[in-house]
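Accompanying notes for the structure given below.
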């Protein structure tokens with residue numbers, strides 16, 4: 001399988017205001033590897049390179065960060081491409097390096113509904129890049145012969161983040177400095193899509209991201225992530241906020257959990 | 001294998017010594033519960049990325065022959081297993097899959113030391129309009145039935161269409177569901193009168209920019225077993241009958257391609273596109289897949305974190 005990597009390099013310089021990535025304090029959920037605090041899933045202020053400590057390839061509970069109340073379920077996927085000599089060989093792809101890109105996705109359901117969140121992190125090969133060109137604007141999936149097309153939840157321009165970094169080659173003889181960028185978007189998942197995802201054939205699945213500059217990138221979704229969709233979307237398969245559903249006479253009458 | 005007192009036929013060649021019972025007339029009807037129990041023994045799940053059903057129709061020593069719909073075993077790059085009623089998964093060697101020309105039928109084989117029942121084959125014309133028929137198979141899980149289990153449904157033959165595409169001339173009212181393709185259509189004697197594989201659908205316009213939605217119309221279609229018997233020799237399934245049946249069903253003749261106005265949406269679930277050919281012999285090109293889009297846009301943003 002060949003993935004289009006070249007779409008992420010060579011952006012024309014455009015002036016823009018960048019929000020410097022400030023990472024939230026990482027409060028661990030004591031003694032729990034099957035749950036994660038909701039605040040630790042918040043990406044509106046940026047996300048560590050590679051999405052460290054996200055629940056990759058497994059489904060965990062989302063819990064309210066103060067009172068531990070269950071709020072939903074989530075699974076994460078990560079695909080890193082680019083300058084991977086030391087990344088793939090020595091397992092250092094969890095750090096930014098010139099020419100390296102990370103595609104992180106969060107899949108799941110909460111009390112309020114269902115979601116897919118796509119995060120792109122990109123460290124240009126050299127110099128600076130135009131991160132406004134790499135905002136994910138459309139997510140397509142091929143599942144069981146069906147083409148699924150997920151538009152963004154909001155038409156508003158998502159925030160863009162940047163973070164300076166320094167990179168020392170594995171052999172320690174060269175250190176370079178650079179800036180990596182992060183963009184994100186959240187895509188619509190309704191009950192029909194959640195059902196399709198829940199019943200997806202358990203195998204590596206391909207996703208196609210359309211970026212704001214029109215280019216398209218193919219990324220694989222790991223087989224274990226695909227198998228986790230079933231549980232991730234089982235929390236709220238109706239993908240509706242019960243407070244909204246109460247107002248809908250056609251809504252399912254099954255009681256849904258409420259947020260504390 | 002027991003043959004009761006009915007005339008029998010032997011599938012030779014590839015199926016050398018495989019035994020197939022051909023019922024020449026319906027003497028009495030069996031209770032539906034008995035037919036269902038019997039069907040559960042010879043109906044199999046064909047597992048793959050797109051699972052379907054099948055019917056064990058013959059046995060030759062340790063080799064069993066399963067008749068199914070061609071679209072169930074269409075993809076040579078998939079891994080297929082025949083899952084028998086005891087839950088055993090038997091791998092299918094794809095090179096042994098035989099697809100019958102011009103119809104949506106295929107034969108697969110598997111080997112096992114275990115003993116499994118085989119279906120009795122009937123003359124399809126015995127299932128005339130108004131006749132009670134049963135369908136069986138392993139439909140896809142749904143919202144209420146969350147696992148794949150054996151299903152057996154009752155209905156009546158509602159029509160016979162001799163000019164049907166892909167051999168689907170038998171029309172009936174049974175409830176069926178995706179995943180039952182390749183499963184048996186049985187008469188009131190529990191004999192195999194057809195292979196289920198298709199459903200009539202209506203197309204409802206999609207809301208807004210959404211793609212049109214296919215909705216099952218209620219009628220379902222099967223391929224008469226006599227069509228299989230008539231075509232089997234063409235793919236090397238040499239049929240040597242001890243008692244020659246009098247097949248009246250002819251292999252389906254190619255139909256002219258429908259005009260745009262006549263064209264009704266196909267009946268297969270997504271991914272199961274017909275491989276039939278046009279009258280000129282050129283393969284019919286598949287259509288570009290229509291994307292499925294969510295309809296829930298517009299509500300408050302939902303994301304994994306506490307702020308979106």
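The values are calculated or read from the model by the stated rules, or taken from the named source; none is laboratory data. Values in this document were obtained by computation on a predicted structure and should not be read as measured data. For neighbour counting, all protein chains shown are included, and Cβ atoms are generated from backbone atoms with ideal geometry for every residue, glycine included.
Of note:
- Only listed residue being facing chain B (nearest Cβ under 10 Å), surrounded by 13 or more Cβ atoms within 10 Å (Cβ to Cβ), touching a helix residue (DSSP H, G or I) at 6+ places or on another chain (Cβ under 8 Å) and under 21 Å from residue A:219 (Cα atoms), chosen from A:148, A:134: A:148
- Failed item in (1) modelled with pLDDT of 90 or more; (2) more than 9 Å from chain B (Cβ to nearest Cβ); (3) buried (at least 16 other Cβ atoms within 10 Å of the Cβ), with residue A:242 passing the rest: (1)
- Among the residues listed as A:9, A:60, A:74, A:19, the single one being touching a strand residue (DSSP E or B) at 6+ places or on another chain (Cβ under 8 Å) and at pLDDT below 90: A:19
- Given (1) surrounded by 20 or more Cβ atoms within 10 Å (Cβ to Cβ); (2) modelled with pLDDT of 95 or more, index of the condition residue A:100 fails: (2)
- Of the residues making up the stretch B:127-161, those that are more than 17 Å from the chain's Cα centre (by Cα) and under 30 Å from residue A:230 (Cβ atoms) are B:141, B:142, B:143, B:144, B:145, B:146, B:147.
- Among the residues examined, residue A:199 qualifies as touching a helix residue (DSSP H, G or I) at 6+ places or on another chain (Cβ under 8 Å), closer than 30 Å to residue B:144 by Cα and within 9 Å of chain B (Cβ to nearest Cβ).
- Residue check, residue A:78 more than 13 Å from chain B (Cβ to nearest Cβ), surrounded by 18 or more Cβ atoms within 10 Å (Cβ to Cβ) and touching a helix residue (DSSP H, G or I) at 6+ places or on another chain (Cβ under 8 Å): yes
- With respect to being surrounded by fewer than 21 Cβ atoms within 10 Å (Cβ to Cβ), at pLDDT below 90 and either within 21 Å of residue B:192 (Cβ to Cβ) or more than 14 Å from chain A (Cβ to nearest Cβ) (or both), residue B:143 falls outside the description.
- If the condition is being part of a strand (DSSP E or B) and at pLDDT below 70, then the stretch B:179-211 contributes B:203, B:204.
- For the stretch A:134-187, residues that are in contact (Cβ under 8 Å) with a residue 40 or more places away in the chain and either assigned to a loop (DSSP other than H, G, I, E, B) or under 27 Å from residue B:300 (Cβ atoms) (or both) total 23.
- Looking across the stretch A:30-50 at every residue that is touching a residue at least 60 places away in the same chain (Cβ under 8 Å) and more than 11 Å from chain B (Cβ to nearest Cβ), the one that is surrounded by the fewest Cβ atoms within 10 Å (Cβ to Cβ) is identified as A:50.
- Scanning the stretch A:168-185 for residues that are within 14 Å of another protein chain (Cβ to nearest Cβ) and under 30 Å from residue B:289 (Cβ atoms) turns up at least one hit.
- For the stretch B:22-33, residues that are closer than 22 Å to residue B:58 by Cβ and at pLDDT 50 or above total 1.
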